[in-house]
Amino acid sequence: MTYEQLVEIVTEVITETDFEKIHKVMTFLDWKWMTFPPRGKDAMYGEIFTSGGEIPDIERLQSDARKRCFAAIDQAMRPQNSGHWMISGSGGLHAQAWYDENTDKLFLRLSFQITDYQYEPS
């Protein structure tokens, strides 16, 4: 699979995802993402986050979703992970990728997760 094909797949997933709906839910829930302080000479030693964070705008949601998609794809396309679902998620966004190196098929899913439960037997 070529890089151009991967970009096409990620672009389709980003285009088909309803980021306006995600933004409305985040706004309603006052779901803020923490922002990191500047790095380098302007950063204060020991400061991890700026105060309070902010609700990400649609462009930032799309940018982060794109990063999540490529991170999941990168993991899924490693030979030792072929045929296994790989996940990259943060801030509610979850990208799941599955790749089979024998057939050169890639499946990619992007979701915005608010709640989840999974039962596992003891």
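Where a number appears in this text, it was derived from the coordinates with a stated rule and is not lab data. The shown structure was predicted, so the numbers you read here are calculated from the model rather than taken from an experiment. When we count neighbours, we look across all protein chains shown, and the Cβ atoms used for this are built from the backbone with ideal geometry, even at glycine.
Computed quantities for the displayed model
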{"item": "The range 66-114 and the range 1-28: distance between their alpha carbon centers, rounded to Å", "result": "13 Å"}
{"item": "Protection-proxy order for peptides 111-122, 22-33, each taking the mean of Cβ atoms within 10 Å per residue, highest first", "result": "22-33, 111-122"}
{"item": "With Cα atoms, 0 to 90° folded angle of helix 58-76 axis to the chain main axis", "result": "40 degrees"}
{"item": "The chain: angle of helix 3-16 to the longest principal axis, Cα-based, in degrees nearest 10", "result": "60 degrees"}
{"item": "Relative contact order computed over the chain (Cα-Cα under 8 Å; 6+ residues apart), in percent", "result": "20 percent"}
{"item": "The chain - Rg and Dmax from Cα coordinates, angstrom", "result": "17.0, 51"}
{"item": "Length released on extending from Glu120 to Thr15, taking residue separation times 0.36 nm less the Cα-Cα span", "result": "34.3 nm"}
{"item": "The chain, dipole about Cα centre (Lys/Arg Cβ +1, Asp/Glu Cβ -1), debye to the nearest 20", "result": "280 debye"}
{"item": "Quotient of C-alpha Rg and 2.2 N^0.38 Å, computed over the range 55-114", "result": "1.17"}
{"item": "Computed helical MRE - 222 nm, the chain, DSSP H runs ≥ 4 contributing -39500 (n - 2.57), nearest 500", "result": "-11500 deg cm²/dmol"}
